[in-house]
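To start, the structure under review is shown below, and the notes come after it.
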């Protein structure tokens, strides 16, 4: 009778984390930062149909990097969660914090109990009604670890280098144009340029009313980057 093959639990967790981290790191990065009228989300994404950035609810946006099919499933689950909670209670009860907690629990469950972890890193952003004090940025890793970020965050490949470039340029009072230029410069780095056609850009703007989410495309994006 052969003995079953044994792997220490610590090694299993390490292997899963290394696998997910490596594959997420291959993904094109995404930047989110506050600006004077809301929150900007900008991702390197040449596809016009496979979105990294989407609306979840009234003042809440979702961002994902890694394996598209997996983070899009999480996006859909988040939309259902928000819709159900808003219907059963009230729209004001739907917030980014509870949604980030739900995502964290789901990712932790998959990471701990499934053979393969989800190859994703996701963002949940909520814009405040009146000022920056209500803005929230939650970054959730493949293992369910949840980070409450201040002012800006970066997901995906070369996140540390992009974060340093964005940190150097950051100004909490900057306008949309300045914030977008800084975000694109941080994504591109010093040795290349990113045209607007290779970017996916969206904002959560306080001035938009209840539906704060809006995509910025084509001519508007080019004008802001000019």
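Being touching a residue at least 60 places away in the same chain (Cβ under 8 Å) and under 20 Å from residue 218 (Cβ atoms) narrows it down to one of 50, 40, so name that one.
40
Looking only at residues in the range 79-98 that are within 19 Å of residue 148 (Cβ to Cβ) and out of contact with any helix residue (DSSP H, G or I) (no Cβ under 8 Å at 6 or more places or on another chain), which one is surrounded by the most Cβ atoms within 10 Å (Cβ to Cβ)?
Filtering the range 79-98 for residues that are within 19 Å of residue 148 (Cβ to Cβ) and out of contact with any helix residue (DSSP H, G or I) (no Cβ under 8 Å at 6 or more places or on another chain), the one surrounded by the most Cβ atoms within 10 Å (Cβ to Cβ) comes out as 96.
Could we say that residue 156 is at pLDDT below 95 and within 30 Å of residue 113 (Cβ to Cβ) here?
yes
Which count do you get for residues in the range 136-156 that are surrounded by fewer than 19 Cβ atoms within 10 Å (Cβ to Cβ) and under 18 Å from residue 183 (Cβ atoms)?
Of the residues in the range 136-156, 3 are surrounded by fewer than 19 Cβ atoms within 10 Å (Cβ to Cβ) and under 18 Å from residue 183 (Cβ atoms).
The values are calculated or read from the model by the stated rules, or taken from the named source; none is laboratory data. None of the values given here were measured: they were computed from a predicted structure. All Cβ positions, glycine included, derive from the backbone under ideal geometry; neighbour counts span all protein chains shown.
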